[in-house]
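The values are calculated or read from the model by the stated rules, or taken from the named source; none is laboratory data. Because the structure is predicted, anything quoted here is derived from the model rather than measured. For neighbour counting, all protein chains shown are included, and Cβ atoms are generated from backbone atoms with ideal geometry for every residue, glycine included. For the accessible areas, the whole protein counts, side chains as well, though only heavy atoms, and no ligand, DNA or RNA atoms are used. Shrake-Rupley method; radii C 1.70, N 1.55, O 1.52, S 1.80 Å.
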Amino acid sequence: MSAATQPVNPARLFVREQRALQDPNWIKWSLIAIALSFIGLFICLPLGLVIFQAFSKGIATYWSALAQDDTVAAIKLTLLTAIITVPLNTVFGVAAAWAITQFEFPGKSLLTTLIDLPFSVSPVISGFIFVLLFGAQGWFGEWLNAHDVKIIFAVPGIVLATLFITFPFVARQLIPLMQEMGNQEEEAALSLGASGWKTFWAVTIPNIKWALLYGVLLCNARAMGEFGAVSVVSGHIRGVTNTLPLHVEVNYNDYDVVGAFAGASILAALAIVTLILKTALEWRQANR
Amino acid sequence: MSILLSNISKKFGTFAALDQINLEIPEGELVALLGPSGCGKTTLLRIIAGLESADEGRVLISGQDKTDHDVSQRGIGFVFQHYALFRHMTVFENVAFGLRVKSRRERPSEAIIRKKVHDLLNLVQLDWLHDRYPDQLSGGQRQRIALARALAVEPSVLLLDEPFGALDAGVRKDLRQWLRNLHHDLNVTSIFVTHDQEEAMEVASQVVVLNHGHIEQQGTPSDIYDHPSNEFVSKFIGQTNVFNLEEHDADWLQTAGLPTTHQKGRVAHVRPHDIVIAKSTDDNDAFVILKDWQHLGSLIRIELVKSSVNGQSASVYAEMPNDQFRRLQLNKGDKVDLRIRHAHWFH
């Protein structure tokens, strides 16, 4: 019987339950007030300000700021980076989660720890790793220079840095879920004559698809929003190696407030869309 | 189909899970692999299935060497302890899975799949659940669906890993009987793993007792019960009283009817129903005290205490039918004479 059809005991409506763990009302309401005002002050207000500043000189100025060549180039570069890194990290993430949860091999716990490395290292350091490897004075710098391959201060560097930073998102979503599910369904599928490939698509993927989508979503949000690591390897060349977050900073430093906030409004919109999708996915998972 | 295992060994690290296992299972049997947890029984089943590979030894199914075949090519059906139903598929799709993943050439037509799945669901008496999802079923229903799913590919051998382990006691009893009947109807060679000796004796036509990666004994349930080949089997199967001649008073055992003059071993195992008791006549010095009793349905289990010379008291258990016990008109604390009718001797 569902909760809605259950008869309500009328007495229960008037008797306030006094539970042992129930705090007095003033504590309850002051905690709620603190939480709400914190969110308002540090999250909603800045977000509103971004929109307000973006439109402070009218919609026309806003559009023209967005239509600038440099802005369009920055948006394109950001999209390109995401289009390359998100699918790659989805494949890497699934492969890593599969390896960690299905197989026993030496170095497994090391791999599990290393997956989290990009989370624990400051993004600036991540950027510097690539400069040290591929920069003019880096390990491969001379060789790359001799073969006329540009990685640092060019698009490949930005993609590499983003790839590194966003690597854990998909794997981190999948590993706990796949560990909890175990591999008995896969074993059952194999015992029924299915190939490994078929088992993966027919049994594993349907079981992990929502967690996978969730991981891809978070990975995408970070790929588009990453600043620190990309800032180090990009070189800030307007219209060429500026992603949207870098473009915002450059404009702001040039006192182009509308330009900066117009760019920022796009990133903010991306964040809001991500949040909505994330909530929808969570709701979908909870109501399955 | 018959199964032949020769010299199967498996180590996990330094732990020898299976050590030189040789086992032959004739066609059509329903075999229980019985043993305490950690004895290697599940590992052995998984090696037969091909879900685990042996370090040494060969697996032959109906004469063909399947050692190097993948689990998907062994023609076995496997039923998991926790069912392992595909949670995102309906009951129908679960059972149809094995047919749908066949190569295009071998795959039956949709109509044949449909008929076959419904036939199997009828066989396990759950056709009315065909459009449900696994999480809408009870444990017993899930296990029957898992069995139907395994049978869909017409396996030559059916392997069941603790099939009733996760079920309630009542459901378990029903399913045991049901599995026995099903096996009788289908006559497919089946092996199931269990740690429950009662279950093994009740369901199986052959019991293989395992301990520490060795086979202790193989035989029919009555063989194993009546002629245990060693102390472990005797203790593991059913209840038994252990009399160690080095610790027990030999004279006392002699009086109790256990001849110790030409003893056949160091230790005597006596089944509770092989002990007969009667009210003591006072001049007998072999008496024991009746301490307590418990009702086991149609039987009574009687706990007898014998004070030994060094002051330690050891309990001896006897079993007899209810009405027989009532006729003896015994009370707690009564002196009782005891006679041992039969014992198994071990060295």
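Observations on the structure shown:
- Looking only at residues in the stretch B:99-134 that are open to solvent by 90 Å² or more (accessible area, probe 1.4 Å) and among the hydrophobic types (A, V, I, L, M, F, W, C), the one that is nearest to the other protein chains (Cβ to nearest Cβ) is B:Ile112.
- Looking across the stretch A:229-260, just one residue is open to solvent by 30 Å² or more (accessible area, probe 1.4 Å), in a helix (DSSP H, G or I) and at pLDDT below 85, and that is A:Val257.
- Among the residues here, A:Ala194 qualifies as within 14 Å of chain B (Cβ to nearest Cβ) and crowded, with 19+ Cβ neighbours inside 10 Å.
- For the stretch A:113-134, the criterion of being over 21 Å from A:Val86 (Cα atoms), without any contact (Cβ under 8 Å) to a residue 12 or more places away in the chain, within 14 Å of chain B (Cβ to nearest Cβ) and open to solvent by less than 80 Å² (accessible area, probe 1.4 Å) is satisfied by no residue at all.
- Residue match in the stretch A:162-176 (condition: under 19 Å from B:Arg87 (Cα atoms), within 14 Å of another protein chain (Cβ to nearest Cβ) and among the aliphatic types (A, V, I, L, M)): no
- Output for the stretch B:56-68, where each listed residue is more than 14 Å from chain A (Cβ to nearest Cβ) and in a loop (DSSP other than H, G, I, E, B): B:Ser62, B:Gly63, B:Thr67, B:Asp68
- Filter result for the condition that a residue is closer than 30 Å to B:Leu51 by Cβ and assigned to a helix (DSSP H, G or I), over A:Ile205, A:Ile276: A:Ile205
- If you check B:Leu151, B:Leu186 for being closer than 30 Å to B:Gly35 by Cα, of a type in the set (A, V, I, L, M, F, W, C) and more than 14 Å from chain A (Cβ to nearest Cβ), only one passes: B:Leu186.
- Restricting A:Val15, A:Val91 to residues that are modelled with pLDDT under 90 and open to solvent by 70 Å² or more (accessible area, probe 1.4 Å) narrows the list to A:Val15.
- Flag if B:Ser190 is in contact with a helix residue (DSSP H, G or I) (Cβ under 7 Å, 6 or more places away or on another chain), closer than 25 Å to B:Gln73 by Cβ and polar (S, T, N, Q): yes
- Those strands (runs of 3 or more DSSP E) lying entirely in the stretch B:1-55 with at least 3 residues surrounded by fewer than 20 Cβ atoms within 10 Å (Cβ to Cβ): B:3-12, B:15-25
- Residue, farthest from the other protein chains (Cβ to nearest Cβ), within the stretch A:177-191, restricted to residues that are open to solvent by 20 Å² or more (accessible area, probe 1.4 Å) and among the charged types (D, E, K, R): A:Glu180
Rundown of residues vs (1) open to solvent by less than 10 Å² (accessible area, probe 1.4 Å); (2) modelled with pLDDT of 90 or more, yes/no style:
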{"site": "A:Ala154", "(1), (2)": "no, no"}
{"site": "A:Ile165", "(1), (2)": "yes, yes"}
{"site": "A:Leu174", "(1), (2)": "yes, yes"}
{"site": "A:Trp201", "(1), (2)": "no, yes"}
{"site": "A:Ile208", "(1), (2)": "yes, yes"}
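- Residue that is nearest to the other protein chains (Cβ to nearest Cβ), among those in the stretch B:69-98 that are among the polar types (S, T, N, Q) and in contact with a Leu (Cβ under 7 Å, 6 or more places away or on another chain): B:Ser72
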